[in-house]
Every structure is written in structure tokens, then in C-alpha cells.
Amino acid sequence: MVNGYDANVMVKHNVDYLKDDFIKYVNDYCKFAYKKGASVYFNFVPTNRLAVTSTKEEIDAYYNALSEKLVCPILGNPHNYIFDYEWFYDNNVHLNTAGTYIYNYQLVES
């Protein structure tokens, strides 16, 4: 990746992306799984810090909107999953082997 990130796929945490049909789909799935005895958790993908175009306030608003709308618990928050570019290999969300250790550590800590 030139300059440590893929400039063609920038990351934006935007509340407007949380469409009602997406929220309904996730919540319906969670309710279905709960009835079957399963546990469901929502988590954030790892993101390359150099590709994030969101402000801290936008990321917080995104997280808050999700936590208000989803019926399942959320593991961590997006801030926990924004990593330095060294942990990615071919785009802004694909971790290299070392990056998977960092991500899993954050996941377990949530």
C-alpha cells in the first residue's frame, strides 16, 4: 500500500450509514439466535489509522448510535480497533499476522 494505506477505500464512521434496514437485520438475527440459545455480540473491524477520516466526535456518535439501537452487546468501541498501518498488509482492514494478535488482544480485553 502506497504511503501505508489504501487511498481508494477510506474509513468513515458516519451515523447516516446506520440505516434502519441494517439495524433491523442485525436485531432480527440476534433475536433469532437468542431463541436458539446462542449468544451474539457486535464488534468492529480493525481499521488502518491512516485511512480513518472520522473525527473523535464522529466515532463517538457512531458508537453511541449503535449502542442505542442494537439489542446485542457491543465489544469495545471503534477507538479500540484503530491500529497503526504496520499491522495491515493489502488494504485498510486486512491485518497481517502480527496485527491479528493485536486485534485479538483488544477483542479479549473488551
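For the stretch 44-66: of the residues being part of a loop (DSSP other than H, G, I, E, B) and surrounded by 15 or more Cβ atoms within 10 Å (Cβ to Cβ), which is nearest to the chain's Cα centre (by Cα)? The qualifying residue nearest to the chain's Cα centre (by Cα) is Phe44.
Among residues of the stretch 50-63 that are within 18 Å of Ile74 (Cα to Cα), those with a Cβ under 7 angstrom from a residue that is open to solvent by less than 70 Å² (accessible area, probe 1.4 Å) and outside any helix (DSSP H, G or I), sequence gap 6+ or separate chain, pair up as Glu58/His13; Glu58/Asn14; Ile59/His13; Tyr62/His13; Tyr62/Asn14; Tyr63/Asn77. Listed by first and then second residue, the pairs linking a residue in the stretch 94-110 that is within 15 Å of Leu75 (Cα to Cα) to a residue that is open to solvent by 60 Å² or more (accessible area, probe 1.4 Å) and of a type in the set (Val, Ile, Thr), with Cβ atoms under 7 Å apart and 6 or more places separating them unless they lie on different chains, form an empty list.
Taking the stretch 31-42 as the region of interest, how many residues are touching a strand residue (DSSP E or B) at 6+ places or on another chain (Cβ under 9 Å) and open to solvent by less than 40 Å² (accessible area, probe 1.4 Å)? Reasoning before the result, please.
Taking the stretch 31-42 as the starting set, the residues that turn out to be touching a strand residue (DSSP E or B) at 6+ places or on another chain (Cβ under 9 Å) are 41-42.
Next, only the ones that are open to solvent by less than 40 Å² (accessible area, probe 1.4 Å) stay: 42.
Looking only at that region, the number is 1.
I'm trying to understand the selection: among the residues of the stretch 10-24, which are part of a helix (DSSP H, G or I) and open to solvent by 100 Å² or more (accessible area, probe 1.4 Å)? So that I can check it myself, show each step before the final result.
Initially, the stretch 10-24 is screened for residues part of a helix (DSSP H, G or I), giving 15-17, 20-24.
Residues satisfying the conditions are Asp16, Tyr17, Asp20, Asp21, Lys24.
The values are calculated or read from the model by the stated rules, or taken from the named source; none is laboratory data. Predicted model, so just to flag it, every value in this text is computed and none were measured. We place every Cβ from the backbone using ideal geometry, glycine too, and count neighbours over all the protein chains shown. For accessibility, only protein heavy atoms count, side chains too; no ligands or nucleic acids. Shrake-Rupley method; radii C 1.70, N 1.55, O 1.52, S 1.80 Å.
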